[in-house]
1. From zero outward in steps of 10 Å, how is the percent of C-alpha pairs of segment 10-92 spread across the bins?
2. Along Cα→Cβ, 7 Å out, is where each label goes; now give me the distance between the ones at residue 6 and residue 76 in nm to one decimal.
3. Which value in deg cm²/dmol, rounded to the nearest 500, describes the helix-derived mean residue ellipticity at 222 nm for the chain, given -39,500 (n - 2.57) per DSSP H run of n ≥ 4 and division by the residue count?
4. Would you compute the Debye intensity of segment 1-49 from its alpha-carbon atoms alone, equal scatterers and no solvent, and pass along log10 I(q)/I(0) at q = 0.22 Å⁻¹ to two decimals?
5. Which one, 129, 77, 58, has the greatest fluctuation when you compute a Gaussian network model over the chain with C-alpha springs under 10 angstrom?
6. How big is the chain by Rg and Dmax over its Cα atoms, in Å?
7. With everything on Cα atoms, drop me the angle between helix 127-139 and the longest principal axis of the chain, reported from 0 to 90° to the nearest 10.
8. Quick one: angle between helix 157-172 and the longest Cα principal axis of the chain, in degrees between 0 and 90, rounded to 10, please.
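Just so you know, all these numbers are worked out from the coordinates, no wet-lab data involved. Quantities reported herein were computed from a predicted structural model and do not represent experimental measurements. Note that we place each Cβ from the backbone using ideal geometry, even for glycine, and neighbour counts take in every protein chain shown.
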């Protein structure tokens, strides 16, 4: 049920033959993502929920919020470092409300050209969409510098056109793009500066047309 936010925490002591509910103290709107047991204190448990961390001192009999200075964000995973006595939480949202986070996601998908795939599982995406998804993941952290490594490989000419339009839009938005690519014609249509590396050093650098016309570049990469 997509609208069911109850925490479903259970314990079994007979390999699954019987189960006991262990969610006392966790509100009904706090579904749980993860439960971790302290390696040195078996009855000390931590649960990551949709807005904070809960702790139980009695093996899940009673949970209490462990909020302290933790912002109200989803806690998707927890790790316990028993040597250092530290609890590490993996969170999502960056202090955003759910509505704001959705807006941010929509904006990133739009920038990456994936709005039409917003509800499609990643495993069902084609090659171009997968490449754009990787691009969207990078754009989500609002980079000033974006590194691309042979992102055009394996694409058809039409798919390359779509990808070029997306990257051109990203660059127009103020993001510097460094693109490593063996599909030279793709770079030729988008790059403002081309750098050719050969033998561990810079062979040529400058406007794409002049670099591609350089006899040394032709000899090393394009053939005589």
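1. All Cα pairs considered, the percentages come to 18, 51, 27, 4.
2. 2.6
3. Result for the chain: -7000 deg cm²/dmol, rounded to the nearest 500.
4. Relative scattering, expressed as log10 I(q)/I(0), comes to -0.90.
5. Between 129, 77, 58, it is 58 that shows the largest mean-square fluctuation.
6. Over the chain's Cα set, Rg and Dmax evaluate to 25.2, 77 Å.
7. Between the helix axis and the principal axis of the chain, the angle is about 70 degrees.
8. Relative to the chain, helix 157-172 is tipped by roughly 80 degrees.
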